[in-house]
Amino acid sequence: MGKKSASLTFFKELPQNIFAGFVVSLVALPLALGLAIASEAPPLAGIIAAVVGGVVVAVFGGSHITISGPGNGLVIVLLAAITSLGGGDLYQGYLFTLAAIILSGGLLFLFGALRLGAMSEFFPASALQGMLAAIGVGILAKQFHVMLGLTSVSGDTIEQLMRIPDSLLLFLGFHPFAGIIGVISILFLFFYSKIRNPYFHLIPAPMWVVVGSIGVGYYYQLVLKEVVPIPPELLIKIPEKIISALPRPNFEKLLDLDFLGVVVSITLIAVIESLLSIKAVDKLDLKKRRSNVNKDLRALGLASIVSGFLGGLNVVTVIARSSVNANNGGTNRSANFFHAMFLVLFVVLLGDQIQRIPLTALAAILVFTGYKLASPENLVRIYKIGPEQALIFIITLVTTLFTSLVTGIAAGVLSTFITHLFLRKSLYLFSLNVFKPNVLMYREERTGNYYVSVKNFCSFLNFYRLKMKLDQIPESEHAIVDFSLCDFVDHTVMEGLHDYQRSFDRKNGLFETIGLDIHAAQTQHPFAVRKSLPINMLMGLKNSLTNRQKNLADLAKQLSWKYLPKINSNPKGIKGFLFFESKVVNYSVNTLVHEKQKFSVFDLSYSEGAFITKEDLKGTFLLFKSPVALPVFVLDKEDFKTALYQWAGFNDINFKKHPDFSKRFHLSGNDHVEIKALFNSDLIYFFESHPIFHIESNGKQLLIKGNDRLSGLQEIKIMITFAKDLVSLLKNQK
Amino acid sequence: MANCCEEFGVDLLLLGALKRENVVKYYLGSIARKLTREAPCSVLLMLKPSIERIPCKHIVVNGFDSPQTQETVEAAFSVGCALSSEKITLVEEISESRVAVSVDDDRSLRKATLRKEKIDREEKIRVTDIIKKIPLAKTKRLKWETQSIFGSRGYSIGHYARVVRADLLIMNAQEKPRFYHRFFPQDLEHILAELPTDVLIIQSKKNG
């Protein structure tokens, strides 16, 4: 792409990035306020971090659709820093912490400059999960009390956890109104994804909570003409003069050991959180680009320095907000910039409304965040990978809770290494080979495939070597990773390889791992246990068919199709469709196949968004081969949402001759000429006279999506007839 | 023994060797390794000497840019003819530093891939030139191909020989071995630490 066309695309996509930035700012506002308050910093500190992050990272960053701002992971470290460094004086502690944030920003910048982006690979996956869970428990323990309207509960994480039952019994006696707002908010957050109304989902859940709780305040004031029954200490306070009230970071403790410890912890968590987020968000990018991690780290470091001087928290890449960006059509860093600008607008224009947000509602959002981080599902998932992984997880979790993050993660690394020794029963293999190169990669002259061979052992200790080689393979190629000379492969590596497999899949490359089957037979090799178990477990549950499944089997018989009730974790053929570009496909199940004409109907489980904005969805899809070559297009019902998208710059192809069709359908695609040629009067009449489905073409195949839920038997029948009619119509056209 | 070789003007020294050494031996150096390093002549290290002759089908030989390589490749073809091998693979190990583009994102990846392809072509021309200088009688009897690998020198070829199950690996002798090379393994040291197969080290006359 030339420079000119690149800037042309930039301007063309500007409206949709502004739109995405706006939606992100709706999530960012409550989170930024909440995270700052949870760290005992002034509420504006979070906003400052988000604004500075948005601007600086948008200009200097190396990723595309990530959003930066104050991070969840840092709450615990910052809270500890602010309360301990000031020796009881929170404001003094905040000033010392600002200095620490500035220093850690410098360190972060150095990390990027020295290209240490691969560092996060040195931490075993289970230990990282354990650490994140500990952070989640920490947030949850503290904010649970605030959510109920009790701000006076103190003590360390464990004590606060123990007091949760007490608070639950007592909270109605203190500030019942505020507490009930908190409880309603948390219930709403848990049930939000169950409400399946597309208009409702245009505004992210955290914003609903904030808007709702402000609304209740106004209702009391304007309708009932009463004072809002929320005490002032449970409302947000913003200083009148924002500019003149800028705090000055205090560097007095520069050589203090505690202070330096804080700097190290902040940097460590910032690096880990950012890298994990960038890696996850890259998989949601519609344009399938690869982020420049080191450049992004430099930008984040710079942003943290600026934010620290202005009194803000430090800036990291955040997963939930980034995934909201991806889902709303953000395509480049300008979305990050606009999210910052909208935040500035909010604070300037809606300062009064922001001061009406009850802390209990914000605490509910944080409790939800904490719960998502520490969700028991994580432990169950890890236990399925292997009991030893669960042990590592728990060791890290408990150590972090009782000591500090740095000690916790160190314990996690150590326990992982000890488990490896125990599993392999040989110190020799690890000690002798850890510093030696063990990866060979070359492009086979005959086939043009990339061949990668790994020797000795491959674990979190030396995964970076393998990664360095794998990163050099373009994802559209065919890569083969051979482990037959390798005696030990750990869970971190297997998970990392799975990530590679997915990014190769996205770009239509092929990523194969070979040579692991022998290990599984010989020893308790991680591969067999780790890769196949979760799905086997699921299959085990599906022994007896449900009524719907029996009906489907009958339908298959009636049509003389084949019915496969099995769960397929890697459904084929759906990768090329735009619909799945910013979604993660989990598995397909209940497949009906017609072999000859290549029809297949299946239920699909997929998810949208990540972390607290994650929504698991299920739907029934019909996939079939088109008898003629088609342009790539998406046809959907014209409604409020698509109208909004249109306004944000997504194009809709309209036909002057067919006003009814143009009004009811939203048709989009890049090749306007081809699409207009395809949609002749017959086809348009066909669509007008049939039920409206979401239909997509990827050139060769057509995908029909039923409702936003699983379709019933009757609906499936309608879908099949619809598809058959469409095929015969397309055939006749030819 | 090393002295003997020098006195008698030995051309080839045959040694049996351990496939792998443990930590202590690695740093002290086993006899075979010591001899390999100090012998003034060519050395053949045998892993599994057997009375029954195992056919030597596939020979891997280094082809990196060094004045010794010409002689080594010539020797390889002579050995290959003598043992009636089927195939010789010339491996050019190319240091990653020659690519000089670090892969960060899509753009740098594209750039690096293009550069690699260019270097790859250059290397191929260089190696083919070497082979052109060898009498046709020898090169015609054997199938030969080239393979370029981007990776640390000395290590990649050993690993490659193991992956393709080569029967003989032919290498240049090292220029000047020093003690610190054992801590920062270079070229031959990688292979000596972990013999992938039988290894023949050709001592160049220029070096001797």
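Worth a mention:
- Once the Cβ-Cβ distance of A:N551 and A:D708 is raised to the sixth power relative to R0 = 25 Å, the FRET efficiency obtained is 0.75.
- Within the protein assembly as shown, percent of DSSP bridges classed antiparallel, to nearest 5: 60
- In nm, spacing of pseudo-spin labels at A:T447 and A:L510 (7 Å Cα→C-beta vector): 0.7
- Chains A and B, summed buried accessible surface - 1.4 Å probe, Å², nearest 100: 2700
- The calculated 222 nm mean residue ellipticity attributable to helices in chain A amounts to -17500 deg cm²/dmol, summing -39500 (n - 2.57) over DSSP H runs of n ≥ 4 and dividing by all residues.
- Computed label-point distance, nm, for sites A:D725 and A:L172 using a 7 Å Cα→Cβ extension: 5.8
- Heavy-atom accessible surface of the protein assembly as shown, averaged per residue, reaches 45 Å², computed with a 1.4 Å probe.
- With 25 Å as the limit on Cα-Cα distance, the pairs of A:K656/A:K724; A:K637/A:K717; A:K637/A:K700; A:K194/A:K705; A:K194/A:K598 that go past it are A:K656/A:K724; A:K194/A:K598.
- Burial of 30 Å² or greater, region A:470-492 residues [accessible area, probe 1.4 Å, versus chain by itself]: A:Q472, A:P474, A:L485
- For the segment A:435-446, counting C-beta atoms of other chains within 10 Å of every residue's C-beta and taking the mean gives 6.
- The simple Förster model, with R0 at 51 Å and r as the Cβ-Cβ distance, assigns A:V434 and A:S476 a FRET efficiency of 0.95.
- Restricting the GluC sites (Glu not before Pro) of region A:568-613 to loop positions (DSSP other than H, G, I, E, B) with no more than 10 neighbouring Cβ atoms within 10 Å leaves A:E595.
- By average C-beta atoms within 10 angstrom, highest first, the peptides A:665-673, A:441-449: A:665-673, A:441-449
- Taken along the Cα-to-beta-carbon direction at a fixed 7 Å, the label points for A:E233 and A:I653 span 6.4 nm.
- Averaged over peptide B:103-114, the number of partner chain Cβ atoms lying within 10 Å of each residue's Cβ comes to 5.
- Residues in region B:125-147 that a label on B:E86 would reach, taking backbone N under 20 Å of a point 7 Å out along Cα→Cβ: B:139-147
- Of the accessible area of the protein assembly as shown, computed with a 1.4 Å probe over protein heavy atoms only, carbon and sulfur atoms account for 61 percent.
- Average Cα contact separation per residue, chain A, under 8 Å, 6 or more apart, as relative contact order %: 18
- Ordering A:K295, A:K596 by accessible surface, largest first, gives A:K596, A:K295; the 1.4 Å probe counts only protein heavy atoms, with every chain in place.
- Listed peptides A:479-485, A:566-572 by packing density, highest first (mean Cβ within 10 Å): A:479-485, A:566-572
- Bridgeable aspartates and glutamates around A:K142 (alpha carbons under 16 Å apart, same-chain partners fewer than 8 residues away excluded): A:E40, A:D156, A:E159, A:D166.
The values are calculated or read from the model by the stated rules, or taken from the named source; none is laboratory data. Quick caveat, the model's predicted, so the values are computed rather than measured. All Cβ positions, glycine included, derive from the backbone under ideal geometry; neighbour counts span all protein chains shown. Areas reflect the complete protein model, heavy atoms only, side chains present, ligands, DNA and RNA absent. Shrake-Rupley method; radii C 1.70, N 1.55, O 1.52, S 1.80 Å.
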